[in-house]
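Here's the structure we're looking at; comments come further down.
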Amino acid sequence: MIRAHKIRLYPNNTQATYFAKACGVARFAYNWALARSRELYEQDSDHKFNEAALRRELNAKKKERYPWMLEVTKCAPQLAIKDDLSSAFRNFFEKRAGFPRFHKKGIRDSFSLSNDQFKIRGSQVQIPKLGCVRLAEQLRFEGKILSATVRRAADNWYISVQVEIAKPEPIHRQISENQAIGVDVGVTSLAVLSDGRVVTGSKPSRKYEDQLRRAQQSLSRKKGSRKGEKKSSNYRKQQIKVSRIHEKIANSRNEGLHKLTSMLTRNYSLIGIEDLNVKGMVKNHNLSKSIHDQSWGEFSRQLTYKADATGSHVHYSDRFYPSSQLCSKCGCQNAGTKDLSIREWVCPECGAIHDRDLNAAENLRKDAIKAVFGVA
């Protein structure tokens, strides 16, 4: 199995300049190959994308027409075409994404390295034509190193190392009703658990909203904000400040999600959660910002892979399962609770008073128990 370890890099000025050049070369190769593919398709509508032919063509031109590409590792342009552009076209042909777009400078800058083009030596990584760069920590995984990707976030650099490790023995954890819990994700709070706990979440977008707005307003006043205008030094400095806030928001969100998903998978053997149609729900403009801020999709992804590692079982209730409408005491369905503004309701059958989210979490727990044991 393959695991990736993301580690922060601490390059000096010379090394940071090299990274920026390598990102530029990778971006140029990607855009050149994309433009060339479109040109060949316009000449012949039967033309099919061939990354190997594009790489050979670029290599033939590189020495004479683009000598500056030789200043960085050969992996930067080659893997940009072989992996990134190939993946973009594959997603397009399989209808998972739109037609590939040209990459822009400063947006997700990165370049990749094959396993023979770098070496991890303790708390350093050795890169061709650069030397050793300091790492924030040592590589956690032991096994065959497959590849690495160097990325920039704001003015920080990170390396993600992919390692092939031995598949661990599956953990056979006893699933019991006493260790079952239901989780109802929401927009006002990150999650409500069936045991009554409410996880508010950091809501980083809301927290840093004013700070980000002021930083972006300041950026819009700098020379270079208009289309076609040359970007000034002050514009680039302010651009980094805006990027730092975005990185802070992302880190804060991920920290909260990791803490919650780790707690759930370590303490509970059975976790009931709703299979939400996140892609469809974000089309509601009244809720989309809150849904993105809570990051439901990432929460589900983390919960799934951590459950596999700890031996827990995650049960996804059908997205049409009426968890908020069912009375968790008697099972009566109250269709009048479809309105999201109703946060508390009384069961017309047994008279039980329900908090909307807590009741939904309890129903998800019961549905998970029913699916595994056959009884609620």
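Among the residues that make up the stretch 12-35, is at least one of them within 21 Å of R90 (Cβ to Cβ), open to solvent by 70 Å² or more (accessible area, probe 1.4 Å) and either touching a Gly at 6+ places or on another chain (Cβ under 8 Å) or not in a helix (DSSP H, G or I) (or both)? No; the residues of the stretch 12-35 include none that is within 21 Å of R90 (Cβ to Cβ), open to solvent by 70 Å² or more (accessible area, probe 1.4 Å) and either touching a Gly at 6+ places or on another chain (Cβ under 8 Å) or not in a helix (DSSP H, G or I) (or both). Figure legend. Inter-residue proximity from the stretch 205-226: first residues over 10 Å from V242 (Cα atoms) and in a helix (DSSP H, G or I), second residues at pLDDT below 95 and open to solvent by 60 Å² or more (accessible area, probe 1.4 Å), beta-carbon distance below 7 Å, spacing 6+ or different chains. Indicated pairs: S205/K289.
Screening R101 with (1) under 28 Å from R244 (Cα atoms); (2) modelled with pLDDT of 90 or more; (3) open to solvent by less than 70 Å² (accessible area, probe 1.4 Å) gives one miss only, at (3). If the condition is being under 20 Å from L58 (Cβ atoms) and either in contact with a helix residue (DSSP H, G or I) (Cβ under 7 Å, 6 or more places away or on another chain) or modelled with pLDDT under 95 (or both), then the stretch 10-23 contributes K21, A22.
Looking for something under 30 Å from I240 (Cα atoms), open to solvent by 80 Å² or more (accessible area, probe 1.4 Å) and not in a strand (DSSP E or B) - is there at least one such residue anywhere in the stretch 49-69? Yes, the conditions are met somewhere in the stretch 49-69.
Residues in the stretch 157-191 that are open to solvent by 60 Å² or more (accessible area, probe 1.4 Å), modelled with pLDDT of 80 or more and more than 25 Å from the chain's Cα centre (by Cα): N178, Q179.
Of all the criteria given as (1) part of a loop (DSSP other than H, G, I, E, B); (2) open to solvent by 60 Å² or more (accessible area, probe 1.4 Å), the one not satisfied by Y305 is (1). Starting from residues that are of a type in the set (S, T, Y) and open to solvent by less than 30 Å² (accessible area, probe 1.4 Å), keep the ones in the stretch 269-302 and report whichever is farthest from N359 (Cα to Cα). Residue satisfying both the conditions and the ranking: S288. Within the stretch 261-282, one or more residues are of a type outside the set (V, I, T), touching a residue at least 24 places away in the same chain (Cβ under 8 Å), assigned to a loop (DSSP other than H, G, I, E, B) and in contact with a His (Cβ under 7 Å, 6 or more places away or on another chain). Any chance the stretch 70-90 includes a residue that's at pLDDT 90 or above, open to solvent by 70 Å² or more (accessible area, probe 1.4 Å) and in contact with a Gly (Cβ under 7 Å, 6 or more places away or on another chain)? No: zero hits. T188 meets the conditions (1) in contact with a strand residue (DSSP E or B) (Cβ under 6 Å, 6 or more places away or on another chain); (2) outside any strand (DSSP E or B); (3) of a type in the set (V, I, T) in every case but one. The failed one is (1). Hey, any hits in the stretch 222-235 for a residue that's surrounded by 13 or more Cβ atoms within 10 Å (Cβ to Cβ) and closer than 30 Å to D83 by Cβ? Yes - at least one qualifying residue is present in the stretch 222-235. Taken over the stretch 227-259, residues that are assigned to a helix (DSSP H, G or I) and more than 24 Å from the chain's Cα centre (by Cα) amount to 6.
Pairing residues of the stretch 351-371 that are under 12 Å from A180 (Cα atoms) with residues that are of a type outside the set (G, A, S) and part of a helix (DSSP H, G or I), at Cβ distances under 6 Å and at least 6 apart in sequence or on separate chains, gives I369/E177. Of all the criteria given as (1) exposed (fewer than 12 other Cβ atoms within 10 Å of the Cβ); (2) modelled with pLDDT under 90, the one not satisfied by F141 is (1).
A quick yes/no check of all residues on (1) of a type in the set (A, V, I, L, M, F, W, C); (2) touching a Phe, Trp or Tyr at 6+ places or on another chain (Cβ under 9 Å); (3) in contact (Cβ under 8 Å) with a residue 24 or more places away in the chain:
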{"site": "D116", "(1), (2), (3)": "no, no, no"}
{"site": "R140", "(1), (2), (3)": "no, no, yes"}
{"site": "L146", "(1), (2), (3)": "yes, no, yes"}
{"site": "V150", "(1), (2), (3)": "yes, yes, yes"}
{"site": "N178", "(1), (2), (3)": "no, no, no"}
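Where strands (runs of 3 or more DSSP E) sit wholly within the stretch 104-176, those with at least 1 residues that are touching a Gly at 6+ places or on another chain (Cβ under 6 Å) and β-branched (V, I, T) occupy 156-164. Give the residue that is farthest from S189 (Cα to Cα), with candidates limited to residues of the stretch 283-302 that are polar (S, T, N, Q) and either in contact (Cβ under 8 Å) with a residue 12 or more places away in the chain or assigned to a helix (DSSP H, G or I) (or both). Across the stretch 283-302, the extreme among qualifying residues is Q302.
The values are calculated or read from the model by the stated rules, or taken from the named source; none is laboratory data. Note that the structure is predicted; figures quoted are calculated from it, not measured. Cβ sites come from the backbone with ideal geometry, for glycine too, and all protein chains shown count toward neighbours. Heavy atoms of the whole protein, side chains included, go into the accessibility calculation; ligands, DNA and RNA do not. Shrake-Rupley method; radii C 1.70, N 1.55, O 1.52, S 1.80 Å.
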